[in-house]
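Please treat every number below as a calculation from the coordinates, not as lab data. No experiment lies behind these values; they were computed from the predicted model shown. Glycine gets a Cβ as well: all are built from the backbone with ideal geometry, and neighbour counts include every protein chain shown.
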Amino acid sequence: MLAPFRTSAVEAYHTLAKVLRSRLHESQPSWADVRRLIETRRVTVNGTLCTDEARRLHEGDEVVLLAQSAHRPKASTPAGLVVRHLDESIIVVEKASGLNTVRHPKELEWSERRRELVPTLQDVALWAIEQQRPGGGTLPPLRIVHRLDKETSGLLVFARTPQAERDLGLQFRQHTVVRRYLALVPGVPKPQTISNFLVRDRGDGRRGSTPLSNMGKRAVTHIEIEEQLKGYTLLSCRLETGRTHQIRIHLSEAGHPICGDKVYCKRANGDEFEDRSGAPRLALHATELGFVHPFTNAKLHWTMPLPNDLQKLVTRLRG
């Protein structure tokens, strides 16, 4: 049995099939043998099942060969999804960590069978709606108005109609949607509002900030202390804007990267922040969501407490 391993610098950018075959050299597997391991749900990459033999790996990716095939989700059992609100215009759900919100553009041409092997939150939410339809049948895809990172848990809304998509999109652009996150960080940040401009590449290939307004998009995060722990702080972060990785970038550049963050974990000089928290994943959770219903104009609002994995972490850090 192959022990879990992390991709080396030499293996970086090679396909999953090639790296796996090289690692299994003692058993001399054929290419067909390796493909069969991947297709039969025996391999995970960074904790997520991977059935794409052509996936390019990056240095540090964790690859695990499972002893047996992982359970295959079915449309009739949508992964225990919690639906907080459902009507003809919208659906609000609780997203679990480890689930992509939407499918990557390169995966849009996948077959239905392949989609079921690796579902997204969009897929699972649509399956939940189809279950409640008299007579069943296939519905149009849900419409995206915002996203949560793969490792981030919390509340998320999908639009079900073009009108709902337009109306919710306008609310997001006008910054009237209530979005509050809980984030666990080392140290004791001061309550503050971080406002700057974010760019796709700050100079090291990662997203980051710039003082130049003509080079980036304005990003504003309001930060308050939710709870002070031993050596750590649970923060309440309210988004005024919603740029990609905004909270993660703002907290990291302020010297308090979110516990469990494997991307925004470096200082300005390139040195990596030390993370001794033991966080099981990115400690970021979308705890509050509120907006005006796109059809009824009713004010809607939901909250969701920390999921068990992060609640256990906070309890432990309380000491």
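Details
- Seen through its C-alpha gyration tensor, with square-root eigenvalues sorted a ≥ b ≥ c, segment 162-269 comes out oblate because a/c lies at 1.5 or above while a/b is not bigger than b/c.
- Report summary: the helix-based calculation at 222 nm, which adds -39500 (n - 2.57) for every DSSP H run with n ≥ 4 and divides by the residues of the chain, gives -6000 deg cm²/dmol.
- Prolate/oblate/rounded call for the chain, Cα gyration tensor, a/c under 1.5 rounded: oblate
- Scoring 27-34, 149-156 by mean Cβ neighbours within 10 Å over their residues and listing the highest first yields 149-156, 27-34.
- Calculated P(r) tail over 19 Å for segment 5-65, as whole % of Cα pairs: 18
- The lysine pair count for the chain, using Cα distances under 21 Å and pairs eight or more places apart or on different chains, is 14.
- In this Cβ point-charge picture (+1 for Lys and Arg, -1 for Asp and Glu), the chain has a dipole of about 160 debye about its Cα centre.
- GluC sites (Glu not before Pro) lying in DSSP loop within segment 222-304, provided at most 11 other Cβ fall within 10 Å: Glu274
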